[in-house]
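The values are calculated or read from the model by the stated rules, or taken from the named source; none is laboratory data. Note that this is a predicted model, so its numbers are computed, not measured. Every residue, glycine as well, gets a Cβ built from its backbone with ideal geometry; the counts of neighbours run over all protein chains shown. Note: areas computed on protein heavy atoms with side chains; ligands, DNA, RNA excluded. Shrake-Rupley method; radii C 1.70, N 1.55, O 1.52, S 1.80 Å.
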Amino acid sequence: MNTQESIADTAVKTWFKAAPIEKFPKNAGACIKYKDQQIAVFNFTRENKWYACQNLCPHKMEMVLSRGMIGEENGIPKVACPLHKNTFSLETGESITGACDAITTFPVKIADGYVWVGFSD
């Protein structure tokens, strides 16, 4: 998955109903599964925004990004890998530290009390 480009809102063909909003921790992440993919979903309450990206860190190929710390760097919302502290933009998936390949990000919407993640298939 780490070689895919991020999914734009306009490319969404499927909105996956992930879980009720209250199932996600505030200012942290949780992992969901869509088909054979693990997706990290972040409830960034400090920004009043939601983000989703692949759970796979491209550095050591471990499914850990949902356990990473979120924050901002120069106004860019980011997640830090809990294993190696490599950071990625939650908006574009680009490696902020420049040490890794970019990750895939996915659109998120909130509707009827649920978190929905957009996929292009």
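Out of the residues in segment 33-46 meeting the condition of being open to solvent by 20 Å² or more (accessible area, probe 1.4 Å) and in contact with a strand residue (DSSP E or B) (Cβ under 6 Å, 6 or more places away or on another chain), tell me which one is modelled with the lowest pLDDT. Steps first, answer last, please.
Looking only at segment 33-46, we keep the residues that are open to solvent by 20 Å² or more (accessible area, probe 1.4 Å), and these are 33, 35-38, 45-46.
The next check asks that each one be in contact with a strand residue (DSSP E or B) (Cβ under 6 Å, 6 or more places away or on another chain); those that pass are 38, 45.
Numbers: Gln38: 98, Thr45: 94.
Step by step, filter segment 33-46, then rank; the result is Thr45.
Is it the case that segment 51-71 has a residue that's open to solvent by less than 50 Å² (accessible area, probe 1.4 Å), under 23 Å from Asp9 (Cβ atoms) and touching a Lys or Arg at 6+ places or on another chain (Cβ under 6 Å)?
In the first step, residues of segment 51-71 are kept if they are open to solvent by less than 50 Å² (accessible area, probe 1.4 Å); the result is 51-58, 64-66, 68, 70-71.
The next check asks that each one be under 23 Å from Asp9 (Cβ atoms); those that pass are 51-56, 65-66, 70.
Pick out the ones that are also touching a Lys or Arg at 6+ places or on another chain (Cβ under 6 Å) and you get none.
Within segment 51-71 (the criterion being open to solvent by less than 50 Å² (accessible area, probe 1.4 Å), under 23 Å from Asp9 (Cβ atoms) and touching a Lys or Arg at 6+ places or on another chain (Cβ under 6 Å)), the answer is no, since none of the residues qualifies.
Only one of these conditions is not met by Glu47: (1) within 16 Å of Asp121 (Cβ to Cβ); (2) without any contact (Cβ under 8 Å) to a residue 60 or more places away in the chain; (3) among the acidic types (Asp, Glu). Which number is it?
With (1) within 16 Å of Asp121 (Cβ to Cβ); (2) without any contact (Cβ under 8 Å) to a residue 60 or more places away in the chain; (3) among the acidic types (Asp, Glu) applied to Glu47, the lone miss is (1).
Within segment 85-94, how many residues turn out to be open to solvent by less than 70 Å² (accessible area, probe 1.4 Å) and either modelled with pLDDT under 90 or out of contact with any His (no Cβ under 9 Å at 6 or more places or on another chain) (or both)? Lay out the reasoning, then the answer.
Initial filter on segment 85-94 (open to solvent by less than 70 Å² (accessible area, probe 1.4 Å)): 86-90, 93.
Imposing the further condition that a residue be either modelled with pLDDT under 90 or out of contact with any His (no Cβ under 9 Å at 6 or more places or on another chain) (or both) reduces the set to 87-90, 93.
Result for segment 85-94: 5.
Which pairs turn up if I take residues in segment 98-115 that are aromatic (Phe, Trp, Tyr) and look for partners that are open to solvent by 70 Å² or more (accessible area, probe 1.4 Å) with beta carbon separation below 7 Å, at least 6 apart in sequence or on another chain?
Tyr114/Lys17
Filter segment 97-115 down to residues that are closer than 12 Å to Asp9 by Cβ and either in a strand (DSSP E or B) or at pLDDT below 95 (or both), then give me how many there are.
Initial filter on segment 97-115 (closer than 12 Å to Asp9 by Cβ): 105-109.
Among the residues that remain, those that are also either in a strand (DSSP E or B) or at pLDDT below 95 (or both) are: 105-106, 108-109.
Residues in segment 97-115 being closer than 12 Å to Asp9 by Cβ and either in a strand (DSSP E or B) or at pLDDT below 95 (or both): 4 in total.
In segment 72-82, what residues are open to solvent by 10 Å² or more (accessible area, probe 1.4 Å) and closer than 16 Å to Ile103 by Cα?
First pass over segment 72-82, keeping only residues open to solvent by 10 Å² or more (accessible area, probe 1.4 Å): 72-76, 78, 80, 82.
Within segment 72-82, Ile76, Lys78, Ala80, Pro82 meet the criteria.
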